[in-house]
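Undergrad: Here it is, the structure in full.
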Amino acid sequence: MLSRVSIRTILNSVFVTLAVALCVALLVQIDAAWDRVGQARRISVLGVADRAVFEAMTTLRLRRGDIQTAALALDNPVANVNELHAGSAARFKEAVDSARRADVAGSRDLIAAAQSRWTQAEGLWRDIEALVAKPKAERDLKLSLPWYNTMGQVSEDLNKLSVAIASEARISDPAVAEFIAVRQAAWTFRDYSGRECAAMRLAVS
């Protein structure tokens with residue numbers, strides 16, 4: 001009887017030990033999976049923020065030229081110019097909101113700098129309104145330069161913010177890093193290949 005009890009006890013102990021080991025292994029796997037889910041969510045937030053900030057930066061840089069072109073070429077550019085301005089404002093707000101949600105290191109100072117510069121640009125917008133209200137023959141694009149240059153600085157501030165967000169995203173995932181590198185290279189090429197446009201618009205005006 002004692003031998004039977006001893007064997008039963010040993011078998012029970014073995015089964016309990018195996019069950020505990022299996023539970024521990026499952027808990028380790030669940031914990032690792034949960035960490036991966038958290039990392040994926042973080043990468044998703046960073047990706048959305050990076051896209052919003054980058055697109056805002058490119059939009060603001062390009063739209064300032066579009067506004068100058070409209071002022072130079074259209075007989076009545078007011079509606080067109082206001083539409084471009086509203087689109088830029090919406091892009092900027094979306095970028096700031098997304099960057100706040102991402103909350104990467106140093107982003108609060110970069111956001112504050114971009115918002116301060118945007119406020120300066122908005123204060124200069126009345127110069128654009130006065131410019132496009134004039135007859136086409138009387139418009140001088142030099143009057144738009146303070147606003148134009150300030151918007152360029154807003155774009156630079158957003159570029160710094162984009163780099164900060166992209167840097168954390170690149171650290172988080174090697175595949176994301178490759179996509180970001182290609183995108184940054186494409187924009188650098190696009191930006192430098194179009195910088196003569198501003199000089200040409202001033203020469204024409």
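The values are calculated or read from the model by the stated rules, or taken from the named source; none is laboratory data. All figures in this text were calculated on a predicted structure; none of them were measured in a lab. Reconstructed Cβ throughout: ideal geometry from the backbone, glycine too, with neighbour counts over all protein chains shown.
Undergrad: Inside the stretch 92-115, can you point out the residues that are in contact with a helix residue (DSSP H, G or I) (Cβ under 6 Å, 6 or more places away or on another chain) and either within 16 Å of T150 (Cβ to Cβ) or acidic (D, E) (or both)?
TA: Within the stretch 92-115, F92, E94, A113, A114 qualify.
Undergrad: Can you tell me which residue within the stretch 98-107, out of those that are part of a helix (DSSP H, G or I) and among the hydrophobic types (A, V, I, L, M, F, W, C), is nearest to the chain's Cα centre (by Cα)?
TA: To start, the set of residues in the stretch 98-107 that are part of a helix (DSSP H, G or I) comprises 98-102, 107.
Remaining after also requiring among the hydrophobic types (A, V, I, L, M, F, W, C): 99, 102.
Values: A99: 7, A102: 9 Å.
Going through the qualifying residues, I end up with A99.
Let's see how each residue does on (1) of a type in the set (S, T, Y); (2) touching a Phe, Trp or Tyr at 6+ places or on another chain (Cβ under 9 Å):
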{"position": "D75", "(1), (2)": "no, no"}
{"position": "V78", "(1), (2)": "no, no"}
{"position": "L84", "(1), (2)": "no, no"}
{"position": "A95", "(1), (2)": "no, yes"}
{"position": "R101", "(1), (2)": "no, no"}
{"position": "S116", "(1), (2)": "yes, no"}
{"position": "A133", "(1), (2)": "no, no"}
{"position": "L141", "(1), (2)": "no, yes"}
{"position": "N149", "(1), (2)": "no, no"}
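Undergrad: Please determine, by comparing only the residues of the stretch 103-147 that are among the hydroxyl-bearing types (S, T, Y) and at pLDDT below 95, which one is surrounded by the fewest Cβ atoms within 10 Å (Cβ to Cβ).
TA: S107
Undergrad: Run down L124, L161, L110 and say which single residue is out of contact with any Leu (no Cβ under 6 Å at 6 or more places or on another chain), in a helix (DSSP H, G or I) and not acidic (D, E).
TA: Exactly one residue qualifies, and that residue is L124.
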